[in-house]
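Rule-based calculations on the coordinates, nothing more; no lab input. Being a predicted model, the structure only gives us computed values, none of them experimental. Cβ placement follows ideal geometry from the backbone for every residue including glycine, while neighbour counts extend to all protein chains displayed.
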Amino acid sequence: MLSVGSKGYLSTIPQRFVLQLREVQVWEVTVGGGAPLEFFPVTFIINPKDAILLIDGEKTDGLTNLQVSIGSHNIEISKPGFATIRQTIKVSPTNSFFNFDLKQVELVGLTLLSEPIGATVFLDGQDLGKAPVSLFKYPGRYEVRYELLDYLTADEALIIPTDTSQYETTTKLIKNSGFLNLNVSPSDSRISLGRETVKNGLNELIPGTYTLNVSKSGWLSATETITIELGQTVEKVFLLPKIPLYCLGKLSQKTAKSV
């Protein structure tokens, strides 16, 4: 299968050739000129003049007289304080002049809230302080981040519409925790996760792997490794057997198992 291509030219359609080579036989392949891609001078008249023009996602560095290949292209024209234009144009020898007027837009009163309140808000990387935050911004797209201790960081795309003077949005943050529900008997046993003491009942924990120990003087202890996952509840029941008085010394090294 043979296909030939070069920058600025259309690639040839792949062709299949059957060559039967013989000893001392030389084959020569000649590549001729393919059909070149046609470019045409295109003029963009844009108001305001310092608006940013993208053609197929590529910046034009402020140039408005360009060589553009004939065919369809996606353009985007933007400037803060103006409504962004996104459009598909078709370039041809009879269609090479494009005129765009961006419409000026008013500032919008923006309020950013978090649930729970108090998250630190970043708008396009700028620290705005703790939610709720109120400010004025032009309609358009922004990147917002919410950060709060013990909660997962939330990153969102914010689009402020052009048809409103006030815009409010609330972001609900997810607690960075899971749960461990313990049912231990005797109920006054000492329950620990590493160096931390937890209660007999429902405990809220940061996701991770822990070593759980349940103990009480005169009873066999229990030790188990548990994993807490985000938003999940682990149920554990521990029934510690009492050590008979006559064999306390013999059984002191044994441990009970969870149910």
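Here, segment 178-256 yields an orientationally averaged convex hull projection of 4.9 nm² when only Cα atoms define the hull.
Shape analysis of segment 116-236 yields a ratio of the Cα radius of gyration to the Kirkwood radius, Rg/Rh, of 1.23. More than 19 angstrom separation, counting every C-alpha pair in segment 108-172; what % is that? Above the 19 Å cut-off, segment 108-172 has 23 percent of its Cα pairs. Each Lys and Arg adds +1 at its Cβ and each Asp and Glu adds -1 at its Cβ; summed about the Cα centre, segment 36-132 shows a dipole of about 180 debye.
Each 10 Å bin, from zero up to the one with the longest distance, holds this percent of the alpha carbon pairs of segment 159-210: 18, 33, 14, 11, 13, 9, 2. P(r) tail for segment 67-137: Cα pairs beyond 22 Å make up 51% of the total. Rounded to whole Å, the principal axis extents of the Cα atoms in segment 39-101 read 34, 18, 16, largest first. Counting only Cβ charges, +1 for Lys and Arg and -1 for Asp and Glu, the dipole size of segment 112-259 around its Cα centre is about 1180 debye.
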